[in-house]
Amino acid sequence: MLSQQDLKQQAADAALALIEPMLTAQAVIGVGTGSTADLFIDGLAKYRGKFRGAVASSERSAKRLAGHGIAVLDLNEVETMPVYVDGADEINSQLHMIKGGGGALTREKIVASVAKQFVCIADESKLVDSLGRFPLPIEVLPIAREAVSRVARALGGQPVLREGFITDNGNQILDIHGLTITDAPELEKKLNNVPGVVTNGLFALSPADTALLATQQGVRRLG
Ligand code: 5RP
């Protein structure tokens, strides 16, 4: 029986095999945040020198990449990337995701938007029939915390402030529990329109292109 850690490693390895042909002297790789992304970063180290560098979606991932001697580029210096690789907190069969368990959702969405494709890596426990059991993270400007909380309650959710946590952008995170998400793209749009919301953790308007989900029987590819 493979442990969850083994499964995460398998997903990360599958992503490395997938992106290997994309590694050229000019290629910049978009890199996500979290324990599965960490394994991907560690594996990427063996290709150091075979690609230009990486754009990180968090200070944490930037530090890990730099620790391996991989050049970390500012997104403003990069016009395009062949691929962005990241984990997810939940993913459904349409490849809509909830992300932001690690609090890096804003930079994740921005970096992913510049990449040609999003490859999601996860163990099979992240695959769900319907999104919402994992509390939906929303990054908010501190001044808007209560206003956004009221909107979340009106949508049927219970907002909980992530205590003691400040994002890389200096903002706060509300985790919205108990949402029934029937139309993820619509909810993502609605939340994007609430003043004070920096980013919500639904990645449905631009879902993953490919998911590599590690199971006890091997890596399952969706998309
Ligand atoms: C961070 C994220 C992560 O991708 C998500 O939390 C999954 O993390 P892990 O690979 O540790 O399960 O969205 O903001």
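Computed from the coordinates by the stated procedures, all read-outs in this text should not be read as laboratory data. Here the structure is a predicted model, which means the values were calculated and not measured. Note that we place each Cβ from the backbone using ideal geometry, even for glycine, and neighbour counts take in every protein chain shown.
Observations on the structure shown:
- Within the chain, percent of DSSP bridges classed antiparallel, to nearest 5: 55
- Segment 1-77-segment 98-160 distance, computed between alpha-carbon centres (Å): 22
- Highest-first arrangement of 149-157, 171-179, where packing means the average Cβ count within 10 Å: 171-179, 149-157
- Rounded if a/c under 1.5, otherwise prolate or oblate - segment 131-189, Cα gyration tensor axes: prolate
- With contacts taken as Cα pairs under 8 Å and at least 6 residues apart, segment 136-201 reaches a relative contact order of 47 percent.
- Calculated mean residue ellipticity at 222 nm for the chain: -8500 deg cm²/dmol, from DSSP H runs with n ≥ 4 weighted as -39500 (n - 2.57), summed, divided by the residue count and rounded to 500.
- Top positive-direction residue, dipole computed over the chain with Cβ charges, set 100, 178, 83: 83
- Other-chain or far-sequence residues with amide H under 5 Å of residue 73's (modelled H): 54, 55, 56
- Taking 0.36 nm per residue of separation and subtracting the current Cα-Cα distance, fully stretching the chain between residue 80 and residue 42 would add 11.4 nm.
- Bridge type composition, segment 2-97 - antiparallel percent by DSSP, nearest 5: 10
- Annotation for segment 125-223: GluC sites (Glu not before Pro) lying in DSSP loop with at most 13 further Cβ atoms inside 10 Å of their Cβ are 163.
- Chymotrypsin sites (Phe, Trp or Tyr not before Pro) restricted to segment 12-97 and DSSP loop, no more than 14 other C-beta within 10 Å: none
- Fraction of antiparallel bridges per DSSP, segment 38-167 only, in percent to nearest 5: 25
- Packing, taken as the mean count of other beta carbons within 10 Å per residue, orders the peptides 191-203, 103-115 from highest to lowest as 103-115, 191-203.
- Amide H to amide H, with H built 1.01 Å from N, residue 215 comes under 5 Å of 220, counting only residues 5 or more places away or on other chains.
- The chain: relative contact order as a whole-number percent, Cα under 8 Å and 6+ apart: 22
- Projecting the alpha carbon convex hull of the chain along each direction and taking the average yields 11.9 nm².
- In sequence order, calculated HN-Hα J values of segment 190-206 (Karplus, 6.51, -1.76, 1.60; Hz; x Gly/Pro): 4, 5, 4, 8, 7, x, x, 7, 7, 7, 10, x, 7, 10, 10, 5, 10
- Couplings 3J(HN,Hα) of segment 39-46, computed from phi: 5, 5, 4, 4, x, 5, 4, 6 Hz, in residue order, whole Hz [Karplus 6.51 cos²θ - 1.76 cosθ + 1.60, θ = phi - 60°; x for Gly and Pro].
- Projected over all directions and averaged, the alpha-carbon convex hull of segment 16-59 occupies 2.9 nm².
- Qualifying lysines (Cα of each under 19 Å from Cα of residue 190; at least 8 residues distant if same chain): 99, 109
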